[in-house]
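Asker: Provided herewith is a single structure, encoded as structure tokens, for subsequent inquiry.
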Amino acid sequence: MTLVFSKYQGLGNDFILIDNRDKAIPILTPEQACLLCNRHFGIGADGVIFLLPGVGDTDYTMRIFNSDGSEPEMCGNGIRCLAQFVADLENRTSSISYRINTLAGIITTNLEKQGLITVDMGRPVLDAEQIPVIGYGNEKVINQPLIVQDKTWTVTCISMGNPHCVTFVKNVDEIPLESIGPFFEHHSAFPKRINAEFIEIIRADQIKMRVWERGAGITLACGTGACASVVAGVLTERINRRSKVDLPGGQLEIYWSEDDQKVYMTGPCQKVFLGEFCGLPLE
Ligand code: ZDR
């Protein structure tokens, strides 16, 4: 059996999109997701995303798998790609909103124009137990010490549906992300592992971010991470509620609204190629 797929990218965070609105394709096993994402033996991607029918009053459901086969609750760049994927399937070019059912709740996307999407990412979760982070009671984890590899880092933890640990540093290029990232991801304070963002302040309305993603390692961008980082920057009184986030793959605009306390993310995404994968034994 061949698997028809589309490949999309959002700021270089790249995803395999599978149209499963008729539920004809069995959901992948972790091993199959790993294989599809493998850049040598598979298609190559940071994650695989299934478009499924909506439930209740939602239009569609998104299920996403990281390149290690694990299933995160949410994905900011991925949901922009999913919204553009649906718009492409429905031949819509602008002003179309979708209510998407995810493991992190209902997320609303709005296609501003072809390739530019704003997402209502919902309210950030700050309670330690809900993120989850252990060792800090049920307090918020803002500017708290965390020992990683014998070094004390000052971290702020936030869930945007998925868990994030944000660390502000002087120079983000000097962070040895490849070596330190796994120790953040697998730290005993984070029972569901963590996405780790390192942030340098550029101006009151602009930050520079590098990310180590749970289940995917270093990626060029992370939408939920950018949202969590702006929330952390506001909570620690470093930046404005409306700020730009410079990622290795490009820029996102994030707004943490004072009115409804929701986080809005605007950024690009693009269809890259279509294909059929033949290397997967699907029962
Ligand atoms: C970070 C991410 N790429 C995004 O854009 O939000 C989401 C991927 C999921 C992430 N690796 C996780 O939470 O496990």
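Please treat every number below as a calculation from the coordinates, not as lab data. The model shown is predicted, which means the values in this text are computed figures rather than measured ones. Note: ideal-geometry Cβ built from the backbone for every residue, glycine included; neighbour counts use all protein chains shown.
Asker: Order of 171-177, 59-65, 194-200 by packing, highest average Cβ count within 10 Å first?
Answerer: For the peptides 171-177, 59-65, 194-200, the packing ranking is 194-200, 59-65, 171-177.
Asker: Another question, then. In nm, to one decimal, how far is the modelled label at residue 25 from the one at residue 142, with both set 7 Å along Cα→Cβ?
Answerer: 4.3 nm
Asker: With a Förster radius of 41 Å, plug the Cβ-Cβ distance of residue 151 and residue 271 into 1/(1 + (r/R0)^6) and report the FRET value to the nearest 0.05.
Answerer: Calculated transfer efficiency: 0.45.
Asker: Separation between the residue 97 and residue 236 pseudo-spin-labels, each 7 Å from Cα along Cα→Cβ, expressed in nm?
Answerer: 3.4 nm
Asker: Follow-up. Regarding the stretch 1-57, what whole-number volume in Å³ per residue does the convex hull of its Cα atoms give?
Answerer: 99 Å³
Asker: Right, another one. Order these by the 10 Å Cβ neighbour count, fewest first: 58, 236.
Answerer: Ordered from fewest to most neighbouring Cβ atoms within 10 Å, 58, 236 come out as 236, 58.
Asker: Hey, another quick one. Taking the highest mean first, how do the peptides 106-119, 84-97 order by number of other beta carbon atoms within 10 angstrom per residue?
Answerer: Final packing ranking: 106-119, 84-97.
Asker: Could you give the nm distance between label points at residue 114 and residue 171, where each point is 7 Å from its Cα heading toward the beta carbon?
Answerer: Modelled inter-label distance: 4.3 nm.
Asker: Can you sort 146, 82, 247 so the residue with the fewest Cβ neighbours within 10 Å comes first?
Answerer: With the fewest neighbours first, 146, 82, 247 line up as 146, 247, 82.
Asker: Let me ask you something else. Over the chain, calculate the relative contact order: mean separation of alpha carbon pairs under 8 Å at least 6 apart, over the residue count, as a percent.
Answerer: It rounds to 21 percent for the chain.
Asker: State the extension gain, in nm to one decimal, for the chain segment bounded by residue 280 and residue 106, taking 0.36 nm per residue of separation less the distance between their alpha-carbons.
Answerer: Using 0.36 nm per residue and subtracting the Cα-Cα distance, I get 59.5 nm.
Asker: Starting from the Cα of residue 113, draw a straight line to each of the lysines and keep only those under 30 Å, dropping any in the same chain fewer than 8 residues away.
Answerer: Within reach: 7, 23, 208, 244, 262, 271.
Asker: Just need the Rg to Rh number for the stretch 128-261, please, alpha carbons only, Kirkwood Rh.
Answerer: My calculation of the ratio gives 0.93.
Asker: For the stretch 137-181, what is one quarter of the convex hull surface built on the Cα atoms, given in nm²?
Answerer: The Cα convex hull of the stretch 137-181, projected and averaged over all directions, gives 4.0 nm².
Asker: Let me ask something else. Sorted by packing (mean other beta-carbon atoms within 10 Å per residue), highest first, where do 149-158, 20-29, 214-223 land?
Answerer: 214-223, 149-158, 20-29
Asker: A follow-up question, please. Helix-only mean residue ellipticity at 222 nm, the chain, DSSP H runs n ≥ 4 weighted -39,500 (n - 2.57), per residue, nearest 500. What is it?
Answerer: Dividing the helical sum by the residues of the chain leaves -4500 deg cm²/dmol.
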